[in-house]
Structures are given as C-alpha cells and as structure tokens.
Amino acid sequence: MRQFLLYAVIRLGLWIALWWVLTVVGVGVMLAGVLAALIAMLISILFLDRLRDAAAMRWKVAHERRVEKRGETVDEDAEYEDGLFADEVRIDGGTRAGDSAAGPADLPDLPEDGTSDGDTRA
C-alpha cells in the first residue's frame, strides 16, 4: 500500500508543479490544469514504470491470495440455464438449438407487388 501511496503522491505533486509553472508562464488556469494533467500522465508513464509496477504487483499478489482463500466461484444458475439451452428444441424445424440457424432460403416469399399479406398501403 505504501508503494501505491508514494506513486499517487508523486503524480499529484508532479501535476501541481506543472500546473503552477504553466500558470506562471501565462497559459491560463483551466488550460494549464488540463495540460499539466496530460504532461504529468506522460511523464509518469515514461519515468515511473518501476514504481507503478511494484505497486500493481503487490495488489495482484493480494488479490490472488484472496481468490485462493475463497476458492473457485461456481455459478449454478448459469449451469442450469446452459442445460436448458442444450435441451431446447426449435419450434419450426425440430432441430436442437446448437444446429445451424435459418438462412435466407427459409424466409417466406413476398407477393409480386411487394406488399405483405396484412399490408393495405398502396
């Protein structure tokens, strides 16, 4: 946790320093804040890799320990639903759900004038 806190404080200090420098130069308060955030982000990506990776690795190790304690999560509802889908029978063709779906050849034919059966528009 200390490494992540150190990384966050360094990034925040870098942003404040850049914001102050840009406002002294005369860029403007809002634009200086946005530019300082972008520059601080780029500098931290380029030069603070080791510190960020060390903080991330500690969090990853802690997460893996928590996962090991809890064990593997099993979603019984999902297994039940998968079983239902495997046994489902399609209404029109009597094929199982895993079989190929209907294609363009299975679509109903339209009348020559382009209207459907219930369409009364001209």
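How would you classify the stretch 1-59 from its alpha-carbon gyration tensor, with a ≥ b ≥ c the square roots of the eigenvalues: rounded for a/c under 1.5, else prolate if a/b is greater than b/c, otherwise oblate? Here the stretch 1-59 falls in the prolate category. Spin-label pair Arg50-Glu76: with each label point 7 Å from Cα along the Cα-Cβ axis, the two points sit 5.1 nm from one another. Taking the 1.4 Å solvent-accessible surface of the stretch 32-86 as the whole, the part contributed by carbon and sulfur is 61%.
The values are calculated or read from the model by the stated rules, or taken from the named source; none is laboratory data. All values derive from a computational prediction rather than experimental measurement. Cβ atoms come from the backbone with ideal geometry, glycine included; neighbour counts cover every protein chain shown. With ligands, DNA and RNA removed, areas are computed over all heavy atoms of the protein, side chains included. Shrake-Rupley method; radii C 1.70, N 1.55, O 1.52, S 1.80 Å.
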